[in-house]
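Readers should treat all values here as calculations from the given coordinates under stated rules, not as data from a laboratory. Only a predicted model underlies this, so the values are computations on that prediction, with no experimental measurement involved. Using ideal geometry, Cβ is built from the backbone for each residue, glycine included, and neighbour counts are taken over all protein chains shown.
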Amino acid sequence: MDQEKFYIVVTIAAAIIAISFIAQAATFMFIYRAIKRLTGIAASLQAKAEPLIDQAQGTVVTVKTSVEKITAQAKETFEKVTIETRAVAAAVSASSQEISRLARHQAEQFSESHVERGEAGQRLHCGSEVVEIWNSSLLGTRLPPERPALAAK
C-alpha cells in the first residue's frame, strides 16, 4: 500500500506542477499582452511627443541665437554711445572754454573802451539775458541805482 500511496502522491504532485505550469504560462501570456499594449502606447506617445520636443529645441536654439545677436548689438551700441558721450562732453568743454575766453576778451575790450569814455559799467543784451560789465576800479566811486547790493560789498 505504501507503493500505491506514493504513486498517488506523485501523480497529484505532477498534476499540481502541470497546473502550475499552465497557470504560469497563462500569466506570462497576460503579461506579454499587457507589455505589448504598453509598448504600443509608449510608441504612440513618443511619436506625438517627438515633434513637440524637436519644435521646443528649435525654439530654444532660435531664442539663444536672437539673445546672442541682441547682446552683441547692445554692447556695440553701448560702446558707441559711450564714445559719442565722451566726444560731446569734450566738445562742450572745449566750446565752453572758448566761449568763456571770448567773453572775457570782449568784456575786457568793452570795459577798456568804456573806461576811456569814463563810464563805470554797461549792460549788454545777449538774446534774452542781460550781462552787466563793470570796471572794478570804478565800483566804489559810482553805482547805478538798480545795483545797490554792490555798494554794500
> What are the residues in segment 37-78 that are within 15 Å of the chain's Cα centre (by Cα) and not hydroxyl-bearing (Ser, Thr, Tyr), if any?
Replying inline: 63, 64, 67, 68, 69, 70, 72, 73, 74, 75, 76, 78
>> For the structure I just gave you, tell me whether residue 107 is touching a residue at least 24 places away in the same chain (Cβ under 8 Å) and not hydroxyl-bearing (Ser, Thr, Tyr).
In response: yes
